[in-house]
Every structure is written in structure tokens, then in C-alpha cells.
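Take a look at the structure below.
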Amino acid sequence: MAVTGSESGAVRKAAWSIGVFVVGLAILVLAGKSATMREARSKEEAAHAVAVSQVASALWAAAERNRQALRTYRGKVAAYSAAMDPRRIVEPEGAAQARDAIDRFRAACAELDVARSASDMRLLQQVNAIPAGGDAPRNVRDALERIEAFGQGLRENQRAQADALLQLVAFLADHADRMTFDNRGPVFNDPADLAAYHTLAQTARGLSNEERQLTESIELATRDEFARLARL
């Protein structure tokens, strides 16, 4: 059947109208999808922001717990140190009091270790419980492992320090009747005894200095690692 010009024009107009309608529908669908995606991204970003805030709060609380544990430990160690004065050790009850102070030093070391371990466990539990925490649990575990390297060094130092102090106390107690004191400290009748005392005292003093450096390293590592985690 033949188609006239007017009919052909009508068909083209109808086709164009249908095309416009279809394109319009497509645009509306895309706009709807875009709005949905923006809303999803907005929700995801909001959830991430909340998670970051919660992680930072947990890190701050853990850092404060660790600082308090170290302050308590240092206070106890300072209190026990007075019993390690050589003049006091050679007194009738001095050696026994010094050994008791060393036992309390060991107890303080164990208490510090327990407090730090409990704080780390609490931090991990808090981070694991945060929705949308992402890689935070793994990042926190990795950071704690790096900090723990200093903790392991501290425990080894504390054990060596306690042993060195016991040796020093035993030496002074055994030589109490063969020594006097001047402004510089113990004076021994036998030069060999003086040399032995200096070796023991220097070993104990060196371990004490190392312990102070290790506790400072733990504080610095905790601060740096937690600050880095808070920025992730």
C-alpha cells in the first residue's frame, strides 16, 4: 500500500515523540540511580566518620590507661629504691629489707605487664566491636605488636635488673664487716673487693638506666603508633 507525504510526516513525528519519551525515561532512571548512589555514598561516608571517631576515642582511652600504668609503676620503683642504699643494706636488717624491696619490684613489674596486656585486650575488643571499622582491628593489632617489642625488652631488663640487685645485696651483706663509707660511698679494705663492688654496682646502674629508656620508648611508640592509627 502506498504512503502519502502527510502520513509519512505523521509517522516520523510519532517516532520522534516515542524516542523523546524513551530518552526521558532513561534520564529519569539514571537520575534515580545517581541519587541512590549518592545517598549510599553519603551513608557510607557517615558510617566511616563515626567509625574513625570511635577508633580514635578507643585509642585515646588506651593511651591514657598505659600512661597511668607506667606512672604507678615508676612511683612504686622510686619508693623501693631507697632500700637499695649501700649504707642501709649493711645495717642489721638492711639486707632483708633490700631483698623485700626487690621482691616488691618484681611484683610491680608483673603488675605493669598485666595492666598493659589488659589495656591492649580491651582496646582490641572495642575496635572489633565498631561497625564499619574496616581494617582498624588489623591495623591496631599490628601497632600493638610493634609496641610490644619494647615491652619484651622491658621484661627482660627487669628480670636482669632484679638478679643484679640481689647479687649486689648479697655482696654488700657478706662484706659488711670489711668495709666503711666515705663521701663517695663504700670503701673496702681489699682492692679486689672494691673492684668487684664497682662491677656489680655499674651493672645494676646500667640496667636501671636501660629500663628508664625502655619505658620512655614504650610511651613514645604508643603515642606515635596511636597517632598514626587515628589518621587512617
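The values are calculated or read from the model by the stated rules, or taken from the named source; none is laboratory data. Predicted model only: the values in this text are computed from it and were never measured. Glycine also receives a Cβ, built like all others from the backbone with ideal geometry; neighbour counts cover every protein chain displayed.
Some observations on this one:
- Positions within segment 82-96 being assigned to a helix (DSSP H, G or I) and either touching an Asp or Glu at 6+ places or on another chain (Cβ under 7 Å) or loosely packed, with under 13 Cβ neighbours inside 10 Å (or both), in sequence order: Ala82, Arg87
Matching residues to (1) assigned to a helix (DSSP H, G or I); (2) in contact with a Phe, Trp or Tyr (Cβ under 6 Å, 6 or more places away or on another chain); (3) at pLDDT 95 or above; (4) not β-branched (Val, Ile, Thr):
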residue: Arg138; (1), (2), (3), (4): yes, no, no, yes
residue: Glu148; (1), (2), (3), (4): yes, no, no, yes
residue: Gln152; (1), (2), (3), (4): yes, no, yes, yes
residue: Arg155; (1), (2), (3), (4): yes, no, yes, yes
residue: Ala170; (1), (2), (3), (4): yes, no, yes, yes
residue: Thr199; (1), (2), (3), (4): yes, no, yes, no
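- Members of segment 139-166 found to be more than 18 Å from Glu219 (Cα to Cα) and without any contact (Cβ under 8 Å) to a residue 60 or more places away in the chain, listed by number: Arg159, Ala160, Gln161, Asp163, Ala164
- Identity of the residue in segment 201-232, among the small types (Gly, Ala, Ser) and either under 22 Å from Ala149 (Cα atoms) or outside any helix (DSSP H, G or I) (or both), that ends up modelled with the lowest pLDDT: Ala230
- Near pairs, Cβ below 6 angstrom, 6+ apart or cross-chain, from segment 67-90 (of a type in the set (Phe, Trp, Tyr)) to any residue that is part of a helix (DSSP H, G or I) and surrounded by 13 or more Cβ atoms within 10 Å (Cβ to Cβ): Tyr73/Ala108; Tyr73/Leu112; Tyr80/Ala101; Tyr80/Arg104; Tyr80/Phe105
- Any hit, segment 190-208, residues being closer than 18 Å to Arg159 by Cα and charged (D, E, K, R): yes
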